Amino acid sequence: MFGLFKKKKDKAHVLGAPAKGKAVSLKEVSDPTFSEGILGDGVAVIPSEGKIYAPADGTIGMVFDTLHAISLTTDFGAEVLIHVGLDTVQLKGEGFEGHVKAGDTVKKGDLLLTVDLEKVKAAGYDIITPVLICNTADYAAVTAQADKEVNAGDDVLTVEEK
């Protein structure tokens with residue numbers, strides 16, 4: 001009656017790790033663009049395997065030509081950037097393989113990219129992979145669940161609606 005007894009809709013959304021590895025705070029990323037939250041709040045994963053998966057259901061916004069980064073908009077509106085490694089744009093796609101394109105609809109756990117982590121490391125680049133909510137200001141809170149070993153899909157980021 002009058003909606004008084006209806007359960008409130010859950011306003012928290014949880015994103016999964018994009019890769020198996022160690023989830024860490026963005027503060028551990030050596031690039032200030034990420035560590036200072038300039039592009040948004042989030043979490044980083046130090047991958048132990050070269051497979052990058054969708055952290056949530058959504059639509060691919062952009063796959064960079066160099067395949068080092070991918071963006072997607074989740075079904076609840078979060079704009080997510082997954083940036084594989086630091087300065088890996090310099091590799092010009094070498095060691096990266098894309099499995100999706102802009103406009104594709106994905107489900108959490110779908111394979112987005114594969115990367116030869118050994119090739120990236122041999123070229124002198126850090127493989128840490130920031131996962132950012134670029135429209136952080138649209139949300140009440142973006143909270144990382146860091147400092148733990150994760151499998152792809154494990155909870156690493158909670159996004160709370162205002």
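What length, rounded to one decimal in nm, is gained on full extension from Glu161 through to Ala141, with 0.36 nm per residue of separation minus their alpha-carbon distance?
Gain on stretching Glu161 to Ala141: 6.5 nm.
On a full-extension model of 0.36 nm per residue, what is the gain between Val14 and Leu39, subtracting their alpha-carbon distance, rounded to one decimal in nm?
Values: separation 25, 0.36 × 25 = 9.00 nm, distance 1.93 nm.
Fully extending the segment from Val14 to Leu39 adds 7.1 nm.
Calculate the dipole size of the chain relative to its Cα centre from +1 charges on Lys and Arg beta carbons and -1 charges on Asp and Glu beta carbons; express the result in debye to the nearest 20.
That gives a dipole near 580 debye.
If I compute solvent accessible area with a 1.4 Å probe over the protein chains, what percent of it on the stretch 63-162 is carbon and sulfur?
Within the stretch 63-162, the accessible surface is 45 percent carbon and sulfur.
Normalized C-alpha radius of gyration of the chain, against 2.2 N^0.38 Å? Walk me through the intermediate numbers first.
Working: Rg = 15.9 Å, N = 162, 2.2 N^0.38 = 15.2 Å.
Taking the Cα Rg and dividing by 2.2 N^0.38 Å, one obtains 1.05.
So what J values fall out for the stretch 116-131 if you push phi through Karplus, 6.51 cos²θ - 1.76 cosθ + 1.60 with θ = phi - 60°, rounded to Hz, Gly and Pro as x?
Once θ is set to phi - 60°, the couplings for the stretch 116-131 become 7, 4, 5, 5, 5, 5, 4, 7, x, 9, 6, 8, 3, 10, x, 10 Hz.
Place +1 on the Cβ of every Lys and Arg and -1 on the Cβ of every Asp and Glu in the chain, take the dipole about the Cα centre, and give the residue among Thr66, Cys134, Leu113 whose Cα lies farthest towards its positive end.
Positive-end residue among those listed: Cys134.
Show the residues, 5+ positions off or on another chain, whose built amide H is closer than 5 Å to the amide H of Asp126.
Leu86
Listed here are the pairs Lys20/Lys121; Lys22/Lys92; Lys27/Lys101; Lys22/Lys101; Lys20/Lys108; which of them are more than 21 Å apart at the Cα?
Those over the limit are Lys22/Lys92; Lys27/Lys101; Lys22/Lys101.
Given Cβ point charges of +1 (Lys, Arg) and -1 (Asp, Glu) and nothing else, what value in debye, to the nearest 20, does the dipole of the stretch 57-143 about its Cα centre take?
Dipole size: approximately 60 debye.
Rolling a 1.4 angstrom probe over the protein heavy atoms, how many square angstrom per residue are accessible across the chain?
Working: 8360 Å² over 162 residues.
Computed with neighbouring chains in place, this is 52 Å² per residue.
Under 17 Å between alpha carbons, and skipping anything fewer than 8 positions from Lys107 in its own chain: which aspartates and glutamates qualify?
Asp57, Asp75, Glu79, Asp154, Asp155
Let's see if you can work this out: charge +1 on each Lys and Arg Cβ, -1 on each Asp and Glu Cβ, no other charges. What is the dipole magnitude of the stretch 95-144 about its Cα centre, in debye to the nearest 20?
Its charge dipole is roughly 60 debye.
Considering the zone a paramagnetic label at Thr114 would reach in this model (a point 7 Å from Cα along the Cα-to-Cβ line), which residues of the stretch 42-72 have amide N under 15 Å from it?
Hits in the stretch 42-72 for Thr114 at 15 Å: 49-53.
The values are calculated or read from the model by the stated rules, or taken from the named source; none is laboratory data. This structure is a prediction, so every number in the text was calculated from the model and none was measured. A quick note on method: Cβ atoms are made from the backbone with ideal geometry, for glycine too, and the neighbour counts reach across all protein chains shown. Each accessible area value is taken on the protein alone, full model and side chains, heavy atoms only, with ligands, DNA and RNA left out. Shrake-Rupley method; radii C 1.70, N 1.55, O 1.52, S 1.80 Å.
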